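Taking it in order: structure first as structure tokens, then the write-up.
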């Protein structure tokens, strides 16, 4: 697997509305972090983003439906469900992180 080298830039819901009008739209990743907590990441050709609130803190969704309810009205029709990998939580681990490309390729496609 390719090591993950991307860094996530913060994007608010207001900024997300602008991204939603791009052609092509960024790819949506719903990242399952632990039981019942999901983060929204978006990926385009140049950057990767994480959805944050107005205080620049990641928005935690407690169900996939909550994220869908936010994204569907903006024109996003599908996303990829991924799961946090062990190296994301291991301090001092020699394991390389999974790349965004690999995570998205091996995730589960879901419709909104």
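Residue-wise test of (1) at pLDDT 90 or above; (2) in contact with a helix residue (DSSP H, G or I) (Cβ under 9 Å, 6 or more places away or on another chain).
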residue	(1), (2)
14	yes, no
55	yes, no
71	yes, yes
81	yes, yes
93	no, yes
All positions within the stretch 33-46 that are surrounded by fewer than 17 Cβ atoms within 10 Å (Cβ to Cβ) and touching a residue at least 40 places away in the same chain (Cβ under 8 Å): 33, 34
Selection within the stretch 19-39 - within 12 Å of residue 76 (Cα to Cα) and either touching a helix residue (DSSP H, G or I) at 6+ places or on another chain (Cβ under 8 Å) or not in a loop (DSSP other than H, G, I, E, B) (or both): 19, 20, 25, 26, 27, 28, 29
Matching residues in the stretch 40-61 - criterion: being within 22 Å of residue 101 (Cα to Cα) and not in a strand (DSSP E or B): 44, 45, 46, 47
Residue list for the stretch 1-12, restricted to those being under 15 Å from residue 50 (Cβ atoms), modelled with pLDDT under 90 and part of a loop (DSSP other than H, G, I, E, B): 4, 6, 7
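The values are calculated or read from the model by the stated rules, or taken from the named source; none is laboratory data. Predicted, not measured: the structure shown is a model, and the values here were computed from it. So basically every Cβ, Gly included, is an ideal-geometry build from the backbone, and we count neighbours across all protein chains shown.
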